[in-house]
1. State the number of residues belonging to region 26-40 that are over 19 Å from I69 (Cα atoms) and of a type in the set (D, E, K, R).
2. Just to verify a result, which residue in region 225-250, among those that are without any contact (Cβ under 8 Å) to a residue 12 or more places away in the chain and not polar (S, T, N, Q), is surrounded by the most Cβ atoms within 10 Å (Cβ to Cβ)?
3. Please verify whether V147 is surrounded by fewer than 20 Cβ atoms within 10 Å (Cβ to Cβ), under 24 Å from W258 (Cβ atoms) and in contact with a strand residue (DSSP E or B) (Cβ under 9 Å, 6 or more places away or on another chain), treating the condition exactly as stated.
4. For region 186-196, give me each residue that is of a type in the set (S, T, Y) and in a strand (DSSP E or B).
5. So K2 clears everything in (1) loosely packed, with under 14 Cβ neighbours inside 10 Å; (2) at pLDDT 90 or above; (3) within 31 Å of the chain's Cα centre (by Cα) except one condition, right? Which one?
6. A68 fails exactly one of the following numbered conditions: (1) in contact with a helix residue (DSSP H, G or I) (Cβ under 6 Å, 6 or more places away or on another chain); (2) modelled with pLDDT of 95 or more; (3) not basic (K, R). What is the number of that condition?
7. Regarding region 152-172, can at least one residue be identified that is of a type in the set (S, T, Y) and outside the structural domain of P293 (by TED's automatic domain parsing)?
Amino acid sequence: MKENNYFLILRTIFHNKTIDRVSLTKITGLSPSTVTRCVTQLLERGVITETSRLEEKTGVGRKSIGLAINPDALKVLLVDIGAQNTNYALGMANGEFVKLESGKTPNSFDEIIDNVNSLTKSYNDVEVVAFSIPGMVDTDNDTILFVPSKGWKNIKIEIPEKVIYADNEANLAMIAEAFQREEVRKSKSSVFVTIREGLGTGLWINGNIFRGPSFTAGEFGHTIFDLSSNIKCRCGNNGCMEGYVSITSYFGKLQKDWGKYLSDLYLRKDKRMQEYIELLAKALMNIVNSINPEYLIVGGELSGLPLDFYKDLEYKLKSKVLEHSASILKVLPATFTHDTYLYGALYAVIEEYFIPNVITIIS
């Protein structure tokens, strides 16, 4: 119960950015004495900080003192590895980050490690290095199992004197969505679908991310979409789903701003986009019929498109899936229109490392 109280208080402060003690008590439903005790501990540990006094909504009485997450309570070096580009950022405990640099993803993972080592020397207060990986990751042993786009296999990630956090990019995006959206967090089943150079899914089952016993759950991009296909996938098989519905597979050459390009196609009612929605619905039908999600969240290069795009996709999808799956299904756009995997890596570290570590220290 004590651990749940701290989780609830920290998450509430996080979502409200700044909140006073009275509002914190009302929102969490905890007793004033419990809130006071927990807040005092968090202030003493430097996890949260008091801000300037807030204006009361009624305009009557004294102004209340605000509480906010102390951004300096945690520093994380975020590494978002894409098939084409890798982005680096410095993340903080309040969920914000500052972009550091970006460059073409090298063919050798050692080059990324060299760059990380250089950055951690420049930012020596970094406690955690978090990796978003476009492939399968053994999260228990910080090991990249397989990245199809680069051919990386069985790579143990090691950074001297730093905590390592690494996970599949779609899993990280799913964790971020559950952290941000209460309805998703409380759902029995939700799926995040990331579509860029490939297609990956993060699975949220009964209140937790589901990775599978060998960390390969959710690889729907590598399920066979066409048995007679001659399209060779990077996993070694022919006819995989991502070979048909990944952005680069369907629309061809890379765009500097996929969001703008795809939005323009959709708003012009371009035939290619209409056909793509139909194709994507056929592909996602397999996921919906298999997982029975309440929420299917669409991200990657399909983030930030007009809201009607997601409504059209939901309509097409519901016309194809099993009747009882369709009755509860909602298609949602990703919370973040840009930098989804940087946010995902940071939120995952906050949720799965920072808050539990704070509670352990206090306890």
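The values are calculated or read from the model by the stated rules, or taken from the named source; none is laboratory data. Keep in mind that this is a model prediction, so the values were computed, not measured. A quick note on method: Cβ atoms are made from the backbone with ideal geometry, for glycine too, and the neighbour counts reach across all protein chains shown.
1. Looking only at that region, the number is 0.
2. The selected residue is K232.
3. Values: surrounded by fewer than 20 Cβ atoms within 10 Å (Cβ to Cβ): no; under 24 Å from W258 (Cβ atoms): yes; in contact with a strand residue (DSSP E or B) (Cβ under 9 Å, 6 or more places away or on another chain): yes.
No: the conditions fail for V147.
4. Step one: list which residues in region 186-196 are of a type in the set (S, T, Y), which gives 187, 189-190, 194.
If the condition is that a residue be of a type in the set (S, T, Y) and in a strand (DSSP E or B), then S189, S190, T194 are the ones that fit.
5. Status for K2: all satisfied but (2).
6. Every listed condition holds for A68 apart from (1).
7. Residues of region 152-172 of a type in the set (S, T, Y): 165.
Add one more test, that the residue is outside the structural domain of P293 (by TED's automatic domain parsing), and what stays is 165.
Taking every residue of region 152-172 in turn, at least one turns out to be of a type in the set (S, T, Y) and outside the structural domain of P293 (by TED's automatic domain parsing).
Quick grid of which residues meet (1) modelled with pLDDT of 95 or more; (2) within 16 Å of G344 (Cβ to Cβ):
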| site | (1), (2) |
| --- | --- |
| K75 | yes, no |
| D80 | yes, yes |
| N87 | yes, yes |
| G95 | no, yes |
| D110 | yes, no |
| N115 | yes, no |
